[in-house]
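Q: Quick one: structure below, then a few questions.
The values are calculated or read from the model by the stated rules, or taken from the named source; none is laboratory data. Model, not experiment: these values are computed from the prediction. Quick reminder, even Gly has a Cβ in these numbers, built from the backbone with ideal geometry, and neighbours come from all protein chains shown. Note: accessible area is taken over every heavy atom of the protein model, side chains too, but ligands, DNA and RNA are not part of it. Shrake-Rupley method; radii C 1.70, N 1.55, O 1.52, S 1.80 Å.
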Amino acid sequence: MADSTEINEVTKQVQDVVLDENGQPLSKNALKKLEKEKLKKERAEKDAAARAAQAATNATAVVDYSKDFYGKKPMNCSEDRPGLKHERFTDINAGRAGEKVWLRARVQTSRPTGNKMCFFQFRQNSSTIQGLVVFNETAISKQMVKFAQNITSESIVLVEGTIAKPLEPVKSCTVQDAEITITQLFVTSEAQGRLPFSLEDASRPNTDFEREDAQFSKVSLHTRLENRVLDLRTITNQAIFRVQAGVCKLFREFLESKGFLEIHTPKILGAASEGGANVFKVKYFDTDAFLAQSPQFYKQMVVCGDFERVFEIGSVFRAENSFTHRHMTEFIGLDLEMAFEEHYHEILEVFDELFVYIFTGLETKYASELEIVNRQYPFEKFEFLPKTLRLEYKDAVALLRENGVEMGDYDDLTTEIERQLGQLVKEKYKTDFFMLDKFPLAVRPFYTMPDAKDPKYSNSYDFFMRGEEILSGAQRIHDPDFLIERATAHGVDPESIKSYVDAFRMGAPPHGGGGIGLERVIFFYLNLGNIRRVSLFPRDPKRLTP
């Protein structure tokens, strides 16, 4: 028998044999090739380890002297309150050159220049200012510059810097005579992932896309509305909604100065306020309810409660399956109602003064916002008269017929005819704004007071901007028996409006009013082409989100 030494020798020889994929021993040439590859791999691993060690040594040797002055801040959980004064861009100008300031802003754009400089365009609402990070040997390290260059657009940053006067005006920013030399830069909220579109493209004037050599991506209205939060950040949209807020403010200021009281009425009703099919029906426990088509009933009831002059700013719902440029299923109504002394034209006079006050206020108090909008969406200046033009319906029909438009005496105005009338009025009277009085009774709601001299007409009116309707109103019927008669004639069940009718049984003053579409006022004043541009989150038959 073989001793243990022989057995161990044979075992070692077998273990040293290298087999190929078929289980056969490799040839001498194959073994040499395998040995070379093994040595090559070992050398590569050794070289990589040496390079890593050298890089670590170099990193240790380069001191980041700015490491405390840049970086990502932890999430703000209101742990402390340092008390820093944060500047608004609107307060920064060349006269403050040399001042050190803190500011919070979004990064609209960044532009690296080599590895030693980075330009920023910072944004606060509709204001922008230029900032720059510049490498130096004592305060701004290359690591800080690199960090700055990698900040994503739309991230929110906290910046410390010195106000400086640029060599030339910064025409790309709203603050043109000053810039910020950055000394500290922190990201407080990082914009993650790829943006659906750039704010630069979304802010370009329409004229840029009309050029033959245009290389830009035009952002469609659909894309804007699908990503509305981002779209609202453009300086144009910031301006549009400041103009909208301005209209509400001016509306409220004027009416309060005339003794009107602001009220808030229900939006869930037991009966449709306008009648017809364009009403949203909702389930209300064990019965049906309706979303308010207007605050009409309640405005009148409050007047009967002796408040006499009231107004409201609130949501209005219309179930109109319409996809036009001027219709939405929910919009903001500016409504007023008032008792009058002798004649419903007292109401028209209030509306006349109200709109002149609003239009004048926009020109004087919101000129900068109007200019911002005009840069991206150029529009002709809105023309109005100190005393608003008032036409009767029959006179408007005559004017249309004189210019080749065929329509009957009592036909309602179509959208196209409204536009034609607006053009004719502009040519003849030099105004984009006018009122049309004495509409045919047949085309008005059941609560409209007929004209005492010709019952085929009514004491009702519409107001128009750039040839499209923005207000509808009338003297209301304040006699309960006559109101029931008119409701029945319109197919409205008197029982469904019993509480409304009963409001007039205890004595009601003659009264009237009207409802203004807020979005329409802004839309037509700025001539923006589509009403959805002036609604924060528009609702139409196909849009319920965002």
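Q: Relative to the longest principal Cα axis of the chain, at what angle does helix 345-365 sit, 0 to 90 degrees, rounded to 10?
A: Helix 345-365 and the main axis of the chain meet at about 30 degrees.
Q: Among LEU269, VAL243, LEU232, pick out the residue whose Cα is farthest towards the positive end of the charge dipole of the stretch 228-274, where Lys and Arg carry +1 and Asp and Glu carry -1 on C-beta, about the Cα centre.
A: Selected residue: LEU232.
Q: Additional query: Working out 0.36 nm times the residue gap between GLU45 and LYS498, then minus their Cα-Cα distance, what length gain in nm do you get to one decimal?
A: Working: separation 453, 0.36 × 453 = 163.08 nm, distance 9.18 nm.
Difference between extended and current length: 153.9 nm.
Q: Once all Cα-Cα distances of the stretch 275-338 are split into 10 Å bins that start at 0, what whole-number percent is in each one?
A: In whole percents, the pair-distance histogram is 20, 40, 31, 9, 0.
Q: Separate question: Given a Förster distance of 56 Å, report the FRET efficiency between ARG111 and ASP481 from their Cβ-Cβ distance, rounded to the nearest 0.05.
A: That pair, ARG111 with ASP481, gives E of 0.15.
Q: Sticking with this one: Hey, what D do you get for the stretch 34-121 in µm²/s if you plug the Kirkwood alpha-carbon radius into Stokes-Einstein at 4 °C and 1.567 mPa s?
A: On the way: Rh = 19.1 Å.
My calculation gives 68 µm²/s for D.
Q: So what is the accessible area of the chain per residue, in Å², with the probe set to 1.4 Å? Before the final figure, lay out each step's value.
A: On the way: 29380 Å² over 546 residues.
Per-residue accessible area for the chain comes out at 54 Å².
Q: Along its principal axes, what span do the Cα atoms of the stretch 450-546 show, with the longest given first and each in whole Å?
A: So the extents along the principal axes, rounded to whole Å, are 45, 34, 23.
Q: So the label point goes 7 Å from the Cα of LYS249 along Cα→C-beta, right? Which residues of the stretch 366-385 then have their backbone N under 17 Å from it?
A: The answer is 366-373.
Q: Moving on to the next point. Can you check how the C-alpha radius of gyration of the chain compares to 2.2 N^0.38 Å, as a plain ratio? Spell out each step's value before the answer.
A: Working: Rg = 36.2 Å, N = 546, 2.2 N^0.38 = 24.1 Å.
So the chain has a normalised radius of gyration of 1.50.
Q: Let me ask you something else. Would you list which lysines come within 29 Å of LYS36, measuring only between C-alpha atoms, while excluding same-chain residues fewer than 8 positions from it?
A: Cross-link targets: LYS12, LYS28, LYS46.
Q: Whole percent per 5 Å bin, from 0 to the bin with the longest distance: what is P(r) over all C-alpha pairs of the stretch 230-359?
A: All Cα pairs considered, the percentages come to 2, 9, 15, 17, 18, 16, 13, 7, 3, 1, 0.
Q: Where does each of 163-170, 511-518, 284-291 land if you order them by average Cβ count within 10 Å, highest first?
A: Working: 163-170: 14.1, 511-518: 23.4, 284-291: 12.2.
Most protected by this proxy first, the peptides run 511-518, 163-170, 284-291.
Q: What's the magnitude of the charge dipole for the stretch 296-402 around its Cα centre, counting Lys and Arg as +1 and Asp and Glu as -1 at the beta-carbon? Answer in Debye, nearest 20. Walk me through the numbers on the way to the answer.
A: Details: 11 positive and 21 negative charges, 99 e Å.
Here the stretch 296-402 has a charge dipole of around 480 debye.
Q: Could you give the size of the charge dipole of the chain about its Cα centre, using +1 on the Cβ of each K and R and -1 on the Cβ of each D and E, expressed in debye and rounded to the nearest 20? Don't skip to the end; give the middle numbers.
A: On the way: 72 positive and 82 negative charges, 526 e Å.
Computed charge dipole of the chain: roughly 2520 debye.
Q: Here's something else I'd like to know. Please report the carbon-and-sulfur percent of the accessible area for the chain; probe 1.4 Å, protein heavy atoms only, DNA, RNA and ligands left out. Provide the component values of the computation, followed by the final result.
A: Working: 14960 of 29380 Å².
That share works out to 51 percent.
Q: Distance between Cα centroids, the stretch 189-250 to the stretch 297-362: provide it in whole Å.
A: Cα centroid of the stretch 189-250 versus Cα centroid of the stretch 297-362: 31 Å apart.
Q: Also: For LYS85 and ALA214, what is the calculated FRET efficiency with R₀ set at 41 Å and r taken between the beta-carbons, to the nearest 0.05?
A: Values: r = 43 Å, r/R0 = 1.05.
Once the sixth-power term is evaluated, E becomes 0.40.
Q: Taking R0 as 35 Å, what's the FRET efficiency between ASN206 and ASP306 from their Cβ-Cβ distance, rounded to 0.05? Walk me through the intermediate numbers first.
A: Values: r = 52 Å, r/R0 = 1.48.
The pair ASN206/ASP306 has a calculated efficiency of 0.10.
Q: Once both labels are modelled 7 Å past Cα along the beta-carbon direction, what's the GLU341-ASN93 spacing in nm?
A: The answer from the label model is 4.8 nm.
Q: So, one more: Given q = 0.11, 0.15, 0.19, 0.23 Å⁻¹, what are the Debye log10 I(q)/I(0) values for the stretch 91-195, with equal point scatterers placed on the Cα positions and solvent ignored?
A: Calculated log10 I(q)/I(0) at the listed q: -0.30, -0.57, -0.93, -1.35.
Q: Related question: Would you work out the relative contact order for the chain, in percent, from Cα pairs under 8 angstrom that are 6 or more residues apart?
A: Working: 906 pairs, mean separation 61.2, N = 546.
Once normalised by length, the contact order is 11 percent.
Q: Right, next: Whole-Hz ³J(HN,Hα) for each residue in the stretch 179-185, computed from phi via Karplus 6.51 cos²θ - 1.76 cosθ + 1.60 with θ = phi - 60°, x for glycine and proline: what do you get?
A: 9, 10, 8, 7, 10, 9, 8
Q: Among LEU167, ALA398, GLY83, pick out the residue whose Cα is farthest towards the positive end of the charge dipole of the chain, where Lys and Arg carry +1 and Asp and Glu carry -1 on C-beta, about the Cα centre.
A: Value computed over the given set: LEU167.
Q: Separation between the SER257 and GLN192 pseudo-spin-labels, each 7 Å from Cα along Cα→Cβ, expressed in nm?
A: 5.0 nm
Q: A further question follows. What ranking do 96-109, 198-211 get when scored by the average of other Cβ atoms within 10 Å per residue, highest first? List each step's numbers first, then the result.
A: On the way: 96-109: 17.0, 198-211: 14.7.
So the order, starting with the most tightly packed, is 96-109, 198-211.
Q: Moving on to the next point. Please list MET506, MET144 from largest to smallest accessible area, probe radius 1.4 Å, with all protein chains kept in place.
A: On the way: MET506 165, MET144 0 Å².
Largest to smallest exposure gives the sequence MET506, MET144.
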